[in-house]
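Chemist: One structure, pasted below without further comment.
Bear in mind these aren't lab numbers, they're just calculated from the coordinates by the rules spelled out. Here the structure is a predicted model, which means the values were calculated and not measured. Cβ coordinates were reconstructed from backbone atoms using ideal geometry, including for glycine residues, and neighbour counts include every protein chain displayed.
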Amino acid sequence: MAPRRCYPAPFAPEALRADLVLCTHGHADHMAKDTLRGLARHPAARFVLPAGCSALAAEYGIPADRITTVQEGSILPLGGVTIRAFSAAHPEHILDAGDPGMALGYQLTFGGFTVVHLGDTYLTPHLYETLQALPRPDLLLAPINGQDFFRTQRNCIGNLEAEEAAQLAVRLSAACTIPTHYDMVQGNTVDPLRFAAALRQLDPAACFALPALGERLLFQADAGRKDSSVFSCPPPSSSIQR
């Protein structure tokens with residue numbers, strides 16, 4: 001995977017003291033061996049991943065007693081966080097718990113804050129119905145690299161189009177959205193300003209953030225869950241924030 005990256009990782013995985021590590025599916029850009037091994041150096045880190053990816057995690061040397069497998073419909077309370085898993089279409093929905101091709105998205109609820117991470121997915125009637133049934137997200141993370149014939153010929157599975165992700169954010173009334181999956185892998189990129197422009201056209205008041213590499217953002221939802229504030233932590237960066 002490393003030779004195909006557009007830029008190096010902003011920090012070594014072992015430098016991150018993670019409580020929870022959520023993997024959406026088994027592709028190398030979402031379940032990278034060296035990354036998982038680095039995160040596992042901290043004994044408190046627990047790993048949540050699709051049931052079909054347990055063999056891959058074991059191959060990478062992740063201790064079995066620190067792995068929790070989930071599938072569509074799983075609701076997992078871990079400490080102060082509740083995780084709900086839902087099926088993603090990458091490229092199709094796989095519900096067989098033993099299938100290594102299973103892909104998931106996650107809803108995380110903690111401290112009254114709700115995050116929805118779509119992972120990698122197309123938008124399907126099944127997924128849209130699932131998302132509509134969830135509480136309004138304070139933060140939505142949605143892939144925007146889209147799909148086309150030539151990438152498909154290279155066995156590069158696509159995701160939502162940028163404009164499609166913007167429309168989804170508006171329809172879900174997401175308090176804030178961060179587009180994902182648009183600039184890390186060579187030959188599979190898209191201009192995130194497409195997403196920003198589409199969102200602005202649909203809802204000029206919609207909140208979004210395009211973080212710079214390595215930037216840390218703080219999110220604060222208001223008591224009425226109508227707006228979301230986004231704060232960039234020092235040092236300042238050139239990211240676009242709205």
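Chemist: If you average the alpha carbon positions of the stretch 85-112 and of the stretch 14-49, how far apart do those two centres end up, in angstrom?
Modeler: Going from one Cα centre to the other spans 17 Å.
Chemist: Taking 1 over the mean of 1/r across every pair of different Cα atoms in the chain, what Kirkwood radius in Å do you get?
Modeler: 18.6
Chemist: Under a crude label model (7 Å from the Cα following the beta-carbon direction), how far is Leu218 from Asn155 in nanometres?
Modeler: Distance between label points: 4.6 nm.
Chemist: If you place +1 on the Cβ of every Lys and Arg and -1 on the Cβ of every Asp and Glu, how big does the dipole about the Cα centre of the chain come out, in debye to the nearest 20?
Modeler: 500
Chemist: What shape does the stretch 113-164 take by its C-alpha gyration tensor, where a ≥ b ≥ c are the square roots of the eigenvalues and a/c under 1.5 counts as rounded, a/b above b/c as prolate, and the rest as oblate?
Modeler: Prolate is the answer for the stretch 113-164, as a/c is 1.5 or above and a/b outweighs b/c.
Chemist: Before rounding to the nearest 500, sum -39500 (n - 2.57) across all DSSP H runs of length at least 4 in the chain and divide by the residue total; then give [θ] at 222 nm in deg cm²/dmol.
Modeler: Calculated at 222 nm, the ellipticity per residue is -5000 deg cm²/dmol.
Chemist: Dimensions of the stretch 1-77 along principal axes (Cα, Å, largest first)?
Modeler: Rounded to whole Å, the extents work out to 35, 24, 21 Å.
Chemist: To continue, here is another question. Tell me the label-point distance for the pair Lys33, Ala97, using the 7 Å Cα-to-Cβ offset, in nm and rounded to one decimal.
Modeler: Distance between the two pseudo-spin positions: 2.8 nm.
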